[in-house]
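Since the structure comes first, as structure tokens, the remarks are kept for the end.
The values are calculated or read from the model by the stated rules, or taken from the named source; none is laboratory data. Bear in mind the structure is a predicted one, so any value in this text is a computation, not a measurement. Please note: Cβ atoms are built from the backbone with ideal geometry, for glycine as well, and neighbour counts cover all protein chains shown.
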Amino acid sequence: MPFFFANRQVPLGDSITDICCWRSFAWQEITKAGLADQVDFVGSVTGIQGRCNAPSGFDMNHEGHSGWQAYDIAKNNIDAWMRQSSPDIVNVLLGTNDINIGKRSAATIVDAFTSLLSSMRTANPNVTVIVSSSHIQTTFPWVAESGAGGVAPPPSKERKGSLMLT
């Protein structure tokens, strides 16, 4: 069974998930594919930004929290969210604020993502995790200066994509 037939999906992220319109666009595609009755977006937040089009039947649940960082979510929130939602799929759009606001090192961000994945797997050992790239098109000069080796600049248009862990 392909991964997108799962019943419970958590859109997990920061403002990209909270106030950007990708969730409604995804719902339109889910509906076009005839899968809307098989997909349940889950999460403790409900709603959509006013500028986004809410398609008919749009499931507005998510875990998008503007300004939040993967580091903090991993330490303070993910366990409870995963227990409450018990997702089959988690679509992760996090990390931008860890770099941009938190100025965290690559090792710290990797540790946060490792902790997030561990919590997701504890809640559901068979969860599919989709780690999506950010759409930021700027660079962060502090990365090269901070000794945070291994941090690549944000993805270019040619490198946008997602990593799926099953």
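Which members of the range 1-17 meet the condition of being more than 19 Å from Phe113 (Cα to Cα), modelled with pLDDT under 90 and buried (at least 18 other Cβ atoms within 10 Å of the Cβ)? I'd like the intermediate steps shown before the answer.
So the first thing to find is which residues in the range 1-17 are more than 19 Å from Phe113 (Cα to Cα), and the list is 1-8.
Those left that are additionally modelled with pLDDT under 90: 1-7.
If the condition is that a residue be more than 19 Å from Phe113 (Cα to Cα), modelled with pLDDT under 90 and buried (at least 18 other Cβ atoms within 10 Å of the Cβ), then Ala6 is the only one that fits.
Filter the range 18-50 down to residues that are out of contact with any Ser or Thr (no Cβ under 9 Å at 6 or more places or on another chain) and of a type in the set (Ser, Thr, Tyr) and give me whichever is surrounded by the most Cβ atoms within 10 Å (Cβ to Cβ). Per the stated criteria, the residue is Ser24. Can you confirm whether the range 57-67 contains a residue that is among the charged types (D, E, K, R), surrounded by fewer than 13 Cβ atoms within 10 Å (Cβ to Cβ) and more than 27 Å from Arg104 (Cβ to Cβ)? Within the range 57-67, not a single residue is among the charged types (D, E, K, R), surrounded by fewer than 13 Cβ atoms within 10 Å (Cβ to Cβ) and more than 27 Å from Arg104 (Cβ to Cβ). Scanning the range 41-78 for residues that are in a strand (DSSP E or B) and of a type in the set (D, E, K, R) yields a total of 1.
Going residue by residue through the range 55-71, is there one that turns out to be touching a residue at least 60 places away in the same chain (Cβ under 8 Å), on the phi < 0 side of the Ramachandran plot and of a type in the set (D, E, K, R)? No, the range 55-71 contains no residue that is touching a residue at least 60 places away in the same chain (Cβ under 8 Å), on the phi < 0 side of the Ramachandran plot and of a type in the set (D, E, K, R). Within the range 30-51, can you find the residues that are on the phi < 0 side of the Ramachandran plot and under 18 Å from the mean Cα position of the chain (by Cα)? Ile30, Val39, Asp40, Phe41, Val42, Ser44, Val45, Thr46, Ile48, Gln49, listed by residue number.
Of all residues being at pLDDT 90 or above and touching a helix residue (DSSP H, G or I) at 6+ places or on another chain (Cβ under 8 Å) in the range 18-29, which is farthest from Val131 (Cα to Cα)? Just the residue, please. Here the residue is Trp27.
All conditions in (1) charged (D, E, K, R); (2) out of contact with any helix residue (DSSP H, G or I) (no Cβ under 6 Å at 6 or more places or on another chain); (3) crowded, with 17+ Cβ neighbours inside 10 Å hold for Asp98, with the sole exception of (2).
Restricted to the range 79-124, and to residues there that are in a helix (DSSP H, G or I) and hydroxyl-bearing (Ser, Thr, Tyr), the residue that is modelled with the lowest pLDDT is Thr96.
Which condition number in (1) in contact with an Asp or Glu (Cβ under 8 Å, 6 or more places away or on another chain); (2) touching a residue at least 60 places away in the same chain (Cβ under 8 Å); (3) within 17 Å of Leu117 (Cβ to Cβ) is the one that Pro87 fails? Condition (1) is where Pro87 drops out.
When the residues of the range 125-135 are filtered to those that are assigned to a loop (DSSP other than H, G, I, E, B) and in contact with a helix residue (DSSP H, G or I) (Cβ under 6 Å, 6 or more places away or on another chain), the one that is modelled with the lowest pLDDT is Ser134.
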